[in-house]
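Undergrad: Submitted below is the structure of interest, expressed as structure tokens.
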Amino acid sequence: MTVFLSEMHLWSLKSTLHVQDQDIGIYHYYDKKEAEPQVNFGCLYEKQQLAESRDYPWILKNKRPEKLRDTLKELEELMQNSRCVLSKWKSKYVCQLLFHSGVLVSLGLSGPQLERVVIDRTLMGKLISDTISDAVLTDSFMILSFWEQSKLCFIQFTKKANSPDGNIKLEKLSSLDFKISYIDTPELGNRRTKHHLAINSKEDRVMCWWLTAKDEVWPWSPGSSERERANLLLFTYEHGSLQVLSYIRTNGDPLDASFSSCNPYQIHTVEHAFSADHEPMADSCVYEYVKNKIQCVAVTKIPLLSKAVSCCRNITEDKLVLGCEDSSIVLYEAYRQVTLSAQAELLPTLMCCHPSEAIVLVGSSQGELQLFDMALSPIKMQVLAEDFSTKSTLQFSEHFDVSSSLIQIQWAAPKVSCPSMDDVDIHDLLLLKFDKGPLGVLHFKVGVIPRGQLGLVEIIQEYIHQNEIHEAINILSSMNWNIMGHQCYISLSAILNYLLRQKLNLTREAQLEASLRTFYAPTRPLSETTVLEYRDQISRYARRFFHHLLRHQRFEKAFLLAVDIGARDLFMDIHYFALDKGELALAEVAKRKANDIDTESITTGVGRPIGAKEGQNFLYVCYYSSKNTYCKVLEDTRFTHSGRMADESDGLHGTGGNDWQNPRPGRRVGGRRLEEI
């Protein structure tokens, strides 16, 4: 059974959390005044020793200039009285929080522990409103939206930060010299509407969107009604100014809208919709700025059983996960054009995909988490404890007291403009934010063998280790060979190597077929480059599967596989094995098939190397010796019985180049002669 272990680190000094002494997977900070009297009770002293042996601070220091203990207390008071509207990771070590009052907080981390807290009140009292609803924050500017104002605030920094990566020094806004301006948006009357903001990876396009009101009544007005009815505005940032570029009213009410990380000038939205039978659906839409206006260029309709309440995309944007009101989870795969579904044990109001695209976490406002892989197989979780007691969901109320709801879960990873599947960074921290506090991270303890990674290959290898082959194959089936060929090959090899070591039965036979089918019969065709790169290696696994079937006397399936491979030596293997087992009819058919291949090759001079794509023919030039027949493929490409390239060690040599006039007979390759023609 696959289980993910984790530790919970709460960045809080409050004693009202009531974390149990024996709960060794939950850590928070102790105030210097209260820690001493309690240290002699229960298991607290042993827990303190364990924490300090791992370099986890038990009592925060208050040295100047950081004064970490005082600034953390100030942050907790701020969270109690003000709502956080933005959390952004500048790097995996620096997180920025913006509160609706305009206070900007920067958190510096070392692993799961706080190292520094900087509270910046520069913007307080300088804005037209202290009810910020959303924000975007870059190194060059900030944009703010407000609950009760139909204006956007544009704050431009005239001085660059000394450390753009944020790892060296956390600077305040006052050191950057800024100027404030405002941009009008369509008048929304007195309605309190949240204006959501998003920015693209090039930081030259900004989007503002909001929900449309039901049963809106608009006065007729020529020329201006289209803009007034719009609920999505596109801005361009050029030469230090922000200008409205275009606007549109979306077809449905948006659940989410963001810029594509792969194409910075595309907008991806998820919109509520209904079918002709009034069944709930979700529209995945793509908008582009074409001919001086925003246009919807693609719509994918996803059927649902109930209304969607949350969504997230993977980093390559070919998978969309939806959480619904009936607690169902729906996954749409654009590459295979299939929809998967699973039932969660909580109301999925929150969700986020891991940067490695291997897992998706869903959460509820009640402080519950559930983990799924990207094929929607549930994975059990447990906070580190002395006893092994796994559950489908992780419930924080069982470990500490919290009166407010869980409002955000977010992986500690900055957004990247060009996502790469070869990223080796470790992302094992999940930010947890409760409405009134506390703030903390869930630290996943993956182990030494996966090197801390939570990637697709590591998940598949853990499934194999736990003998959960069905789940491993489901993930492999969802992977795209054209994008992540190396990861697919490693995963396929691991699954096949495990299965081929087991005694064959009907279940394992079906699993071997399903694994090989991901390459030989994928849902979507593989590119020629991918086929050429991996066909030879995988053809060897197909031959191993053939002999595995033969050893277990699965003659019919072995014969069909030999037909697919099209190699003469495999039919001869069936012939001799069938003779040994008294299957004379099968032996005769296999011998006849081998002779047919032999005759066809000699007559036409045309054959296909093992592992080559069907329809891709190669001309053989044949040379004869006293005992063997050798062949040369056009353009001097030679293949052995196993599909690999032949060389001089295989008994084929001459004076060099294309001179093959003196073949040397009798040499063997892997216990077999070169394939005869």
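Undergrad: Starting from the 7 Å offset along Cα-to-Cβ, what nm value, one decimal, do you get for the label separation of Gln502 and Gln366?
TA: Output for this residue pair reads 3.6 nm.
Undergrad: So how strong a dipole does region 425-503 carry about its Cα centre when Lys and Arg Cβ are +1 and Asp and Glu Cβ are -1, to the nearest 20 debye?
TA: Dipole of region 425-503, to the nearest 20 debye: 120 debye.
Undergrad: How much length would be gained if the chain were fully extended between Lys159 and Tyr265, taking 0.36 nm per residue of separation minus their Cα-Cα distance, in nm to one decimal?
TA: Extending this stretch completely gives an extra 35.4 nm.
Undergrad: Let me ask you something else. Rank-order 527-540, 1-14 by packing density, defined as the average count of other C-beta atoms within 10 Å over each peptide's residues, highest first.
TA: Put in order of decreasing packing, that is 1-14, 527-540.
Undergrad: HN-Hα J couplings of region 457-466 from phi, Karplus 6.51/-1.76/1.60, θ = phi - 60°, integer Hz, Gly and Pro as x?
TA: Once θ is set to phi - 60°, the couplings for region 457-466 become 4, 5, 5, 5, 5, 5, 4, 4, 4, 8 Hz.
Undergrad: In addition: Apply 1/(1 + (r/R0)^6) to the Cβ-Cβ distance of Asp564 and Leu305, taking R0 = 35 Å, and write down the FRET efficiency to the nearest 0.05.
TA: 0.30
Undergrad: Additional query: What do the square roots of 5 times the Cα gyration tensor eigenvalues come to for region 309-404, in whole Å, largest first, as semi-axes of the equivalent ellipsoid?
TA: Values for region 309-404, descending: 25, 15, 11 Å.
Undergrad: Quick check on packing: order 394-400, 315-321 by the mean number of other C-beta atoms within 10 Å, highest mean leading.
TA: The packing order, highest mean first, is 315-321, 394-400.
Undergrad: List Lys581, Lys67, Lys291 from most exposed to least, where exposure is judged by having the fewest other Cβ atoms within 10 Å.
TA: Final ranking by Cβ density, sparse to dense: Lys291, Lys581, Lys67.
Undergrad: For region 307-316, what does the Karplus curve 6.51 cos²θ - 1.76 cosθ + 1.60, with θ = phi - 60°, yield as ³J(HN,Hα) per residue in whole Hz, taken in order and with x for Gly and Pro?
TA: 5, 6, 10, 7, 7, 7, 10, 6, 5, 8
Undergrad: I would also like to ask the following. If each residue's Cβ is checked for other Cβ atoms within 10 Å, how do Cys262, Cys153, Cys84 rank with the fewest at the top?
TA: Cys262, Cys84, Cys153
Undergrad: Using the structure shown, list the pairs from Lys391/Lys433; Lys67/Lys126; Lys88/Lys380; Lys291/Lys433 with a Cα-Cα distance above 31 Å, or answer none.
TA: The answer is Lys291/Lys433.
Undergrad: Further, regarding this structure: Which Cα, out of Met572, Ile597, His552, lies furthest along the positive dipole direction of region 527-604 (beta carbon charges, K/R +1, D/E -1)?
TA: His552
Undergrad: Another question, if that's okay. Show which aspartates and glutamates lie in cross-link reach of Lys159 when reach means a straight Cα distance below 20 angstrom and same-chain residues fewer than eight apart are skipped.
TA: Asp120, Asp139, Glu171, Asp177, Glu203, Asp204, Glu238
Undergrad: Oh, and also: When a footprinting reagent is the concern and you count Cβ atoms within 10 Å, what order do Val270, Val416 take, fewest first?
TA: Going from sparsest to densest Cβ surroundings: Val416, Val270.
Undergrad: Next question. In bins 10 Å wide, starting from 0, what share of all Cα pairs of region 62-115 does each bin hold, as a percent?
TA: Final binned percentages: 22, 52, 25, 0.
Undergrad: Here's another thing I want to ask about it. Any chance you could run the full-extension gain for Arg192 through Ser150? It's 0.36 nm times the residue separation minus the Cα-Cα distance, nm to one decimal.
TA: Here the segment from Arg192 to Ser150 would lengthen by 14.1 nm.
Undergrad: Further question on the same structure: For Thr122 and Gln243, FRET efficiency with R0 = 25 Å and r from the beta-carbon atoms, rounded to 0.05?
TA: Computed FRET efficiency for Gln243 and Thr122: 0.45.
Undergrad: Something else about it: Given 25 °C and 0.890 mPa s, how large is the Stokes-Einstein diffusion coefficient of region 527-604 in µm²/s, with Rh as the Kirkwood radius over Cα pairs?
TA: 185
Undergrad: With a point put 7 Å past each Cα toward its Cβ, work out how far Phe274 is from Gln382 in nm, to one decimal.
TA: So the label points at Phe274 and Gln382 sit 4.7 nm apart.
Undergrad: Tell me, in nm to one decimal, what length is gained between Asn251 and Lys32 on full extension, where the rule is 0.36 nm per residue of separation less the Cα-Cα distance?
TA: 73.1 nm
Undergrad: Can you list residues from other chains, or at least 5 along the same chain, whose modelled amide H is less than 5 Å from the amide H of Leu255?
TA: For Leu255, whose amide H was placed from the backbone, the distant partners under 5 Å are Val270, Glu271, His272.
Undergrad: Additional query: What residues have an amide H closer than 5 Å to that of Ile379, excluding those fewer than 5 places away on the same chain, when H is modeled at 1.01 Å from N in the peptide plane?
TA: Leu371, Phe372, Asp373
Read-outs throughout are calculated quantities, based only on the coordinates presented, and are distinct from any laboratory measurement. Model, not experiment: these values are computed from the prediction. As a convention, Cβ positions derive from the backbone with ideal geometry for all residues, glycine included, and neighbour counts pool all protein chains shown.
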